[in-house]
1. Pick out the one residue from Glu94, Glu80, Glu109 that is under 30 Å from His335 (Cβ atoms) and at pLDDT below 80.
2. Among the helices (runs of 4 or more DSSP H) lying completely within region 220-311, list those that include at least 3 residues that are more than 17 Å from the chain's Cα centre (by Cα), at pLDDT 80 or above and surrounded by fewer than 19 Cβ atoms within 10 Å (Cβ to Cβ).
3. What pairs come up if the first residue lies in region 374-385 and is assigned by TED's automatic domain parsing to the domain that holds Leu275 and touching a residue at least 12 places away in the same chain (Cβ under 8 Å), the second is of a type in the set (Lys, Arg) and not in a strand (DSSP E or B), and their beta carbons are under 8 Å apart, counting only those six or more places apart or on different chains?
4. Sort out which residues of region 318-353 are closer than 13 Å to Asp257 by Cβ and in a helix (DSSP H, G or I), and write them in order of number.
5. Which of (1) under 17 Å from Glu109 (Cβ atoms); (2) touching a residue at least 24 places away in the same chain (Cβ under 8 Å); (3) in contact with a strand residue (DSSP E or B) (Cβ under 9 Å, 6 or more places away or on another chain) is the odd one out, the single condition Val79 does not satisfy?
6. Against the condition in contact (Cβ under 8 Å) with a residue 24 or more places away in the chain, among the hydrophobic types (A, V, I, L, M, F, W, C) and more than 29 Å from Gly140 (Cβ to Cβ), how does Leu6 come out, does it pass?
7. Scan region 57-76 residue by residue and report those that are closer than 16 Å to Tyr102 by Cβ and modelled with pLDDT under 90.
8. Which residues, taken from region 43-70, are out of contact with any Leu (no Cβ under 7 Å at 6 or more places or on another chain), farther than 15 Å from Arg91 by Cβ and of a type in the set (A, V, I, L, M)?
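The values are calculated or read from the model by the stated rules, or taken from the named source; none is laboratory data. Keep in mind it's a predicted model, so treat the numbers as computed, not measured. All Cβ positions, glycine included, derive from the backbone under ideal geometry; neighbour counts span all protein chains shown.
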Amino acid sequence: MDSILLVNDSATFNAILTQNLRDRVRGGIGTALDHGSALEMIQSGEWSLVAATFNPKKPDNIALFEALDQAHIPAIALVEELDDGLDATGRYTESLVDFFVYDAPDALERLQSLIERIHWSEQTHVLVAGAATAQRDLIGDLLHARRFVVKQTGVLGGVLDALQTNPNIRLLIVAGMPMEECAALVRSVRNCWSRDELVILALPPMAADMDGVRLLKNGVDEIIRQPICAYSLLAQVDRGLELFEFHQGLKKAATTDRLTGLINRRGFLERAQSLHASAQRQVIGLTTAIVRIVGFDAARMVKGPLFTDLLRKEAAEVIGQAYRRNDVVAQLAPHEFGILLVDMSPEQLPRFIDELTNKLHQRSVVYKGKLTRLRVAIGVSLDLQKSFPQMLDVAERRALAIEEGEDPNQITSPALDDDDQDGATGDAQELTATPTEVPTARAPMPRKR
């Protein structure tokens, strides 16, 4: 059965990954909140991949991974410290495909990407080129453990033949070749396959920096670091394949926030420029709203990036369902969302902001047994400024003022240079200190007939 099992004591964590992976996994996704339940599920079902938290000090964690090792079920160890991941790698050689450390604000996004890549790696072919050396064999073993289909060859002609006859090869790793031969091979391959078609990693025969620079100029995407480490090598492989997927257009990485599924700041600004131009021609009315998660940075420092990922996912679910058909909603930053409201009258706006605020404040996140309520500050810019960045600036500063307990009424114009002060259009409007009250502003301009 082609299924994935997620084991984590956070139901929200499991729910987010289940939702984001559902369309990408053929056989389905199972979840367990504790390792005892997960052990029973493993014994009673068939799983293609298990992603479970691992703490070497907890007996139930050890029992689960020992069972996975005995059953040869591919597994990812989710750890909080690098040393715990290295410990798991040494213990569970039959099952452990990789380990993952929650060490950055985008941890949940990277974990989702890792699960997807491992789940589909049986369809990804890797060609390892070079003389039969211990280093080449080590690279092959690491890729085999990661469930890639690994092909090996030692000569230039064999590399070109393999690439021409096997369209599933997405990654070429060159190792164990003299420098001149290695550079010639890369040049020959790049003459036929662009970076959009094939990722190339290379292990220089010597540790000299100039060798690496030379290979990069010849078309290598990344230089494999020495000494070879499973953690860093697989991270480089992941980065290379993510770049390939981006070039192929398999993911909307350029304009989509991977965790929330909303468009990102780049996509938001592209859409906003078009709407702002229409508003300047008096075709539509345009209002900009900014939603900030209160206390986000402090929460990330105290509770870690996984907690704030869960927090912004909760906020995104509410905000993503609140807008109307012609509106635009985006994740502008980890702590900030943007909403473009098209043709919303000043009479409708206070009720919209009030309802959105109430819905957001009803949401909460349970993390490590503790419940935290979601709190937001919403800033609004009603006036049509000379440029959209000026509208965005007003809304962002008003939202920040509300979060910091200051008076947003003082922010009546964008923060412009002296030369641009006459660029704003429209009368300045006041915004009260609470997000549930919105100032009365001019009605949207009538449509041209």
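1. On the way: Glu94 fails: under 30 Å from His335 (Cβ atoms); Glu80 fails: at pLDDT below 80.
Exactly one residue qualifies, and that residue is Glu109.
2. Per the criteria, 265-280, 296-303.
3. Once the first residue is assigned by TED's automatic domain parsing to the domain that holds Leu275 and touching a residue at least 12 places away in the same chain (Cβ under 8 Å) and sits in region 374-385, its partners that are of a type in the set (Lys, Arg) and not in a strand (DSSP E or B) give Leu374/Arg363; Gly379/Arg397; Gly379/Arg398; Val380/Arg398; Ser381/Arg398; Leu382/Arg442.
4. The first filter runs over region 318-353 and keeps only residues closer than 13 Å to Asp257 by Cβ, leaving 319-320, 329-338.
The answer is Ile319, Gly320.
5. All conditions pass for Val79, except number (1).
6. On the way: in contact (Cβ under 8 Å) with a residue 24 or more places away in the chain: yes; among the hydrophobic types (A, V, I, L, M, F, W, C): yes; more than 29 Å from Gly140 (Cβ to Cβ): yes.
Against the criterion (in contact (Cβ under 8 Å) with a residue 24 or more places away in the chain, among the hydrophobic types (A, V, I, L, M, F, W, C) and more than 29 Å from Gly140 (Cβ to Cβ)), Leu6 qualifies.
7. Step one: list which residues in region 57-76 are closer than 16 Å to Tyr102 by Cβ, which gives 61, 76.
Correct list: Ile76 only.
8. Residue satisfying the conditions is Leu49 alone.
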